[in-house]
Amino acid sequence: MAATVITITSGKGGVGKTTTTANLSVALAAQGKKVVAIDADIGLRNLDVVLGLENRIVYDLVDVVEGVCRLRQAMIKDKRVNELYLIPAAQSRDKTAVTPQDMIELTDQLRDEFDFILIDSPAGIEQGFKNAIAPADRVLIVTTPEMSAVRDADRIIGLIESEEKGPGDLIINRLRIDMVRRGDMLGTDDVIDVLAINLIGIVPDDEAIIVSTNRGRPVTLENHSQAGQAFKNIARRVMGENVPFIKLEEDDTFFKRLSRKLGIRN
Amino acid sequence: MDRITIKGTSDGLIVYLGAGAWSRLMEELEAHLSQKASFFKGGRVALHVGPRRLTTPQLESVGELLIRHNVSLWAIESDSPSTQSAAAELGLEVSLSPRQVTDWTARILPQGNSLVIQRTLRSGQVINHPGHVVIIGDVNPGAEIRAGGSVVVWGRLRGMVHAGLGEEGIKAVVCALQFSPTQLRISSLIARSPAEDDSRDNLPEMASVQNNQIVAEAWQK
Ligand SMILES: Nc1ncnc2c1ncn2[C@@H]1O[C@H](COP(=O)(O)OP(=O)(O)O)[C@@H](O)[C@H]1O
Ligand SMILES: [Mg+2]
């Protein structure tokens, strides 16, 4: 078996990287895949909380890198699905405790045994991002439909391209169709128009996410939430299936509505 | 099979470098250059390197090797973005642009040292070039171009452009197929007063300096 290493990143914080990593990991495992989720957000770990595995942490990523424990000892098994493991981030260290080379070596040890290795990247473009991206075979870029998040996503895509990790695939998270219709939010087309990369998923803004995050039960474990369905679709697209998008009606693009011209006087 | 192929075109010589260790290829190139000195002499060369990742120092040393044999290197064609940006850093053309684009560009830009970039400039990417800058792609919000001469964007211009920083000054122009820069400067002038009218948003426009202010008008190719 040769695993695919997928890094989930965004540039901007708080747009849904951790939520995406948790839900895709669960959805892929539910499809019978062997999955490891790695929290690379050292110092701000929370993938464990979203997955509801916080109380079982003994060792973490930094312990593995520093040889304090064996890799297997730091892998927490999620008992709700078949083959899903979490390697948590260290809470009390900073991003310099791990190097890009460490990440490559660590994932190489896991590649033979798993189908997917998902890495939750920290925000920003510094060392933590470089660590997360170093072993990636594929990159998923998460953005919300806000100008500032899209701008940061564009920046990150530029960096990913210069690392020759391809432009990556895009997930638009927290979309609110009612707001797009009113002209108060960027629509899918507006975001794609700027970023010009392949869209792999649209996740609606959904209260169920907040409830599930508090309970440590990712929405993909439930059957009825919209966001859960969206993440399941993304998982199938990641596996190479052709899952159609639900086409949402949008008229004029935001840029047309908003754009202002420069340079013309009189 | 030969790892180095050389073709003559009306644009000068094109040297194709195949697979293999870079140092070996350089030795072979050197051998070609000495054996066929009269063929190469005084000419200019575009180097095709395929997907190979090359650093700025590597490109510099191949440029120096060519110069020693009286040949100048003017363009690098590569599929690798890092090679492209290394080449762009040295002011080399990064692509043999499609014929049509070159023809149109030649009409707008006076002779001189232009940098051609065949990709979209993303947020945070900055291009600084003493001559003209031609982008075959979009210039996204958050990207920045600072050019001594004019700037031509064969795509959407939504970032920031400062043209005419060099001798050309207010004679510089800025054109784009879709024209909505975040900020536009030519020499020491700043374009101001965004018009409410956006009916021409999707049409090609050219900005130039007239009566000491920046004016944008339809760009008739
Ligand atoms: N689709 C969504 N609908 C509603 N809330 C969401 C959604 N995605 C993420 N959130 C909320 O946004 C916040 C930030 O998400 P998180 O995944 O931690 O972002 P990041 O890892 O990028 O910092 C969390 O409180 C999360 O519950
Ligand atoms: Mg996070």
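Restricted to the range A:1-60, and to residues there that are in contact with a Ser or Thr (Cβ under 7 Å, 6 or more places away or on another chain) and within 14 Å of chain B (Cβ to nearest Cβ), the residue that is nearest to ligand 2 (Cβ to nearest atom) is A:Ser10.
Whenever a residue of the range A:120-134 is under 18 Å from A:Leu24 (Cα atoms), its partners that are of a type in the set (Ser, Thr, Tyr) and more than 12 Å from ligand 1 (Cβ to nearest atom), lying with C-beta atoms within less than 7 angstrom and at least six residues away or across chains, give the pairs A:Ser121/A:Thr7; A:Ala132/A:Thr7; A:Ile133/A:Thr7.
Of the residues in the range B:39-46, at least one is at pLDDT below 85, part of a helix (DSSP H, G or I) and among the aromatic types (Phe, Trp, Tyr). Residues in the range B:64-93 that are surrounded by 14 or more Cβ atoms within 10 Å (Cβ to Cβ), small (Gly, Ala, Ser) and out of contact with any Ser or Thr (no Cβ under 8 Å at 6 or more places or on another chain): B:Ser78, B:Ser80, B:Ala88.
Residue count for the range A:123-155, restricted to those that are more than 12 Å from ligand 1 (Cβ to nearest atom) and either within 16 Å of B:Thr120 (Cβ to Cβ) or within 12 Å of another protein chain (Cβ to nearest Cβ) (or both): 7.
Here A:Arg72, A:Arg80 are screened, and the one residue that is among the charged types (D, E, K, R), part of a loop (DSSP other than H, G, I, E, B), out of contact with any Pro (no Cβ under 6 Å at 6 or more places or on another chain) and more than 12 Å from ligand 2 (Cβ to nearest atom) is A:Arg80.
The values are calculated or read from the model by the stated rules, or taken from the named source; none is laboratory data. It should be emphasised that the depicted structure is a prediction, and the values quoted were computed from it without experimental measurement. Because the Cβ atoms are built from the backbone with ideal geometry, glycine has one as well, and the counts that use them run over all protein chains shown.
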